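Below is one structure; the comments refer to it alone.
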Amino acid sequence: MAAIRSYPLAAPLLTDTVLGVQYVENQEPATKQYRISEIVALAEAGITPTPFELPYNAYTALLTQNGASVPNTWGSASGPLTVGVTYQIGSNDGDTTDFTNVGAPDNLVGTFFIATGTTPTSWGVDDNGELSFNEGAPVATVLENTIGNIWIEYGGTGTYFINSTELFTVDKTTVSVDTFGGNGSLSRLIHNTTNNTSSRITLFTSTTTLDNEILLKSRLEIKVYKIQI
């Protein structure tokens, strides 16, 4: 028999068993073997959220930004998309494009999305689908996203907008950023709490004044809590 005080030496499996006492009304307590999976199910029953469910949805990304505002367009002959760039659907070729495999939540003209892939399913029956983007908008390496469709726009020198479709619930959203940018000089990355709304979070980068080209894999973390905090 294994010495209880030294077991387990490793993380138990759901199929492992432990000794416990079963209590049934009007019966004597009885010793019984319980599977770990039964104990987990019992602990989770009736609890909302469960002990393993985070109380918030999160968006975490590393942002890199270069240059000033340079509007551009992209079509089927332009080559692959760049993962992490924010695109807007400018033409959907008569509702025949399909950008949903590269991050778009739909194929409607005007929809913004951050590209998660390089090759759309379809540029349309006539290959006339078109995307627009701004070369000065930060590029996002998305580490996690359980919030929903989020995209980034260039708002001016050292000013960038993190956008959503009303997903940043007022009084339940927190924003965390790296204190410094990554261009090797003394610089700052901050978010503006005054102008934040349920659809927009504003970021500023600066040295002594607002400046571009400061973000270099700089962390942005947004949490939208499911309960009042």
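No lab work stands behind these numbers, since they all come straight from the coordinates. Computed from a predicted structure; not experimentally measured. Cβ coordinates were reconstructed from backbone atoms using ideal geometry, including for glycine residues, and neighbour counts include every protein chain displayed.
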Among residues of segment 111-125 being over 23 Å from the mean Cα position of the chain (by Cα) and buried (at least 20 other Cβ atoms within 10 Å of the Cβ), the residue nearest to Trp151 (Cα to Cα) is Trp123
Among the numbered conditions (1) crowded, with 21+ Cβ neighbours inside 10 Å; (2) more than 19 Å from Ser218 (Cα to Cα), tell me where Tyr154 comes up short. (2)
Test of understanding: among Leu167, Leu108, Leu131, which residue is buried (at least 19 other Cβ atoms within 10 Å of the Cβ) and either assigned to a loop (DSSP other than H, G, I, E, B) or not β-branched (Val, Ile, Thr) (or both)? Leu131
For residues that are within 24 Å of Gly75 (Cβ to Cβ) and of a type in the set (D, E, K, R), tally how many sit in segment 130-151. 2
